[in-house]
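K.L.:
Pasting a structure below so you can have a look.
The values are calculated or read from the model by the stated rules, or taken from the named source; none is laboratory data. Just so we're clear, the structure is a prediction, and the values are computed from it rather than from any experiment. All Cβ positions, even for glycine, are placed from backbone atoms using ideal geometry, and neighbour counts span all protein chains on display. Keep in mind that these areas ignore ligands, DNA and RNA; they rest on the heavy atoms of the full protein, side chains included. Shrake-Rupley method; radii C 1.70, N 1.55, O 1.52, S 1.80 Å.
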Amino acid sequence: MTNTRNANGINAISANTNTNAKESKRTALLIAAAILFVIAVVWRVIISANSFTNRIVKQLSEHGCVIDAGALYQERFVRNTSIAELMEDVDMANAVAASLECDFPSDTDLVGDVYLLLANMGDDEHVLTIFVVGEKVELAFIQTLGSDELLPVNHDFAS
């Protein structure tokens, strides 16, 4: 507020309404921006919690395999096929045996949308291999690079 003299020489107290209006507008915009930011963060958390890779990571963790969703790499995707058809020239018997050790269904003849996902296990010697059919882990095992050794996904590398 300022004390000013009007045309008749009388002192008048006037509020600087222009400045107050600008501050109110700025405050309202900041509040709106903060609300939008919070909504965006919550939306992202909801979406990522329900993402395909997070659902796969959850399924793996239920079978003793802890892996970060960001480590998964989609190697292949084929619609309306089976793991057996996708891997027709590969003997999958040892892979099925390793997968069954962790109670995965391991039905290589199940037909659906098949994803082949890979993930480095962090030691540059082992690769997690996951076959997803119909958005559920059907077959999963760990390959040892440079050998034919296949391990179950809950293998303890410390021992």
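K.L.:
Restricting to the range 7-52, what's the tally of residues that are at pLDDT 85 or above, of a type in the set (Val, Ile, Thr) and open to solvent by 90 Å² or more (accessible area, probe 1.4 Å)?
P.N.:
2
K.L.:
Out of all the residues in the range 65-85, which are open to solvent by 30 Å² or more (accessible area, probe 1.4 Å), among the hydrophobic types (A, V, I, L, M, F, W, C) and either part of a loop (DSSP other than H, G, I, E, B) or out of contact with any strand residue (DSSP E or B) (no Cβ under 7 Å at 6 or more places or on another chain) (or both)?
P.N.:
Val66, Ala84
K.L.:
Suppose we keep only residues that are closer than 15 Å to Asn80 by Cα and free of Cβ contacts under 8 Å to residues at least 40 places away in the same chain within the range 114-139. Which one would you say is surrounded by the most Cβ atoms within 10 Å (Cβ to Cβ)?
P.N.:
Val114
K.L.:
Picking from Glu88, Glu62, which residue would you name as being modelled with pLDDT of 85 or more, loosely packed, with under 13 Cβ neighbours inside 10 Å and over 23 Å from Asn120 (Cβ atoms)?
P.N.:
Glu88
K.L.:
Does Val111 satisfy being open to solvent by 70 Å² or more (accessible area, probe 1.4 Å), within 17 Å of Pro152 (Cα to Cα) and among the β-branched types (Val, Ile, Thr)? Give the steps one after another, and end with the answer.
P.N.:
Details: open to solvent by 70 Å² or more (accessible area, probe 1.4 Å): yes; within 17 Å of Pro152 (Cα to Cα): no; among the β-branched types (Val, Ile, Thr): yes.
Considered against the rule, which asks whether it is open to solvent by 70 Å² or more (accessible area, probe 1.4 Å), within 17 Å of Pro152 (Cα to Cα) and among the β-branched types (Val, Ile, Thr), Val111 comes out as no.
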